[in-house]
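Quick notes on the structure that follows.
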């Protein structure tokens, strides 16, 4: 009798339902760890579809936000924990590579040819494909047209802060909000450093927080969070993250935010909100370019997976056209070349066009460093200390030790 692995090798495409069902008789369940949150949870429908097609149960044994998931997966890969498939991210995959299966010899070339080459490049570690991208993630500015004049477009980050400070003090609604903890805070700081002309990482991957541009970036964040009315009062103290920033905009509590694609489905589902919203690309930096911190959420297979063949079947299902369409409907930027973003409303069309420009010209990605999570952890704690007033901006930057 053929092993499950031999069966899978003879039937690598999940679209061959008959062969896949025969194969799945050997293994009845898969255990996975995935990212959670309203911008990601539409994946549950795709997991249910996989079970319906194969008869194989998928146990979501762990689901949490970005940094928490990464810490959990890192501990699992290093400590003998068992998963058959995990959510990861292009910035975290290098730190997990020791416990992941290389995918170059497993993923059919046909599937790779269906995906955006830049996204695949971000998922490579030292040239080896360690995860398969789910989306391309980059933010746009979302603007409440009832509060901000349609003619306004920020000429710089200083212009954005000054204009929205004046607006908030005039109308009594916070002008701007941004994440004040964890990866969201560090990423926002990273793009401001670049916008102000600095380089947080050198060519060898070393991180440098002692530059004038790093100081200016943190001062911008501290000032924006402390100016009366410019940002929501609870934003820094309560540690707003992506969910709170996006929800604040949708509730009309903030005039402008930089929001991720995955939240757009929630905005579009709220009656009348698309009519009162417009979108813009991020302000230009001092070099005349936009710098938008970005990356790819992705799927990976741990080297300790029970059955690589069945894990690959799930991976191919989650990267198939039908699943990508579900993600795109929820707002994600699809990585597949044969899946388009929604275009049912003028705001959908404008958003899709600006995201295409952003992906083509503005992406600021993280270097593929095995110790990247340690940099992000240390920096975000120090940056947050400055935001909540526990220390000065200069002391916060000086305290970051990697």
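The values are calculated or read from the model by the stated rules, or taken from the named source; none is laboratory data. On a predicted model such as this, the values are computed, not experimentally measured, just so you know. Ideal geometry is used to build each Cβ from the backbone, glycine not excepted, and the neighbour counts take in all protein chains shown.
Looking only at residues in segment 353-402 that are assigned to a loop (DSSP other than H, G, I, E, B) and over 20 Å from the mean Cα position of the chain (by Cα), the one that is farthest from residue 68 (Cα to Cα) is 392. You will find that of 120, 132, 140, the residue that is within 21 Å of the chain's Cα centre (by Cα) and closer than 22 Å to residue 71 by Cα is 132 and no other. Criterion first (buried (at least 17 other Cβ atoms within 10 Å of the Cβ), within 22 Å of residue 257 (Cβ to Cβ) and outside the structural domain of residue 190 (by TED's automatic domain parsing)) does residue 386 satisfy it? Spelling it out, it is not the case that residue 386 is buried (at least 17 other Cβ atoms within 10 Å of the Cβ), within 22 Å of residue 257 (Cβ to Cβ) and outside the structural domain of residue 190 (by TED's automatic domain parsing). Only one entry of 111, 145, 134 meets the criterion of being touching a strand residue (DSSP E or B) at 6+ places or on another chain (Cβ under 6 Å), surrounded by fewer than 23 Cβ atoms within 10 Å (Cβ to Cβ) and touching a residue at least 60 places away in the same chain (Cβ under 8 Å), and that entry is 145.
Taking the conditions (1) touching a residue at least 60 places away in the same chain (Cβ under 8 Å); (2) under 30 Å from residue 197 (Cβ atoms) in turn, residue 332 satisfies each one other than (2).
Taken as a whole, the condition of being surrounded by fewer than 18 Cβ atoms within 10 Å (Cβ to Cβ) and assigned to a helix (DSSP H, G or I) does not apply to residue 105. Only residues that are surrounded by 17 or more Cβ atoms within 10 Å (Cβ to Cβ) and without any contact (Cβ under 8 Å) to a residue 40 or more places away in the chain were counted in segment 196-243, giving 5.
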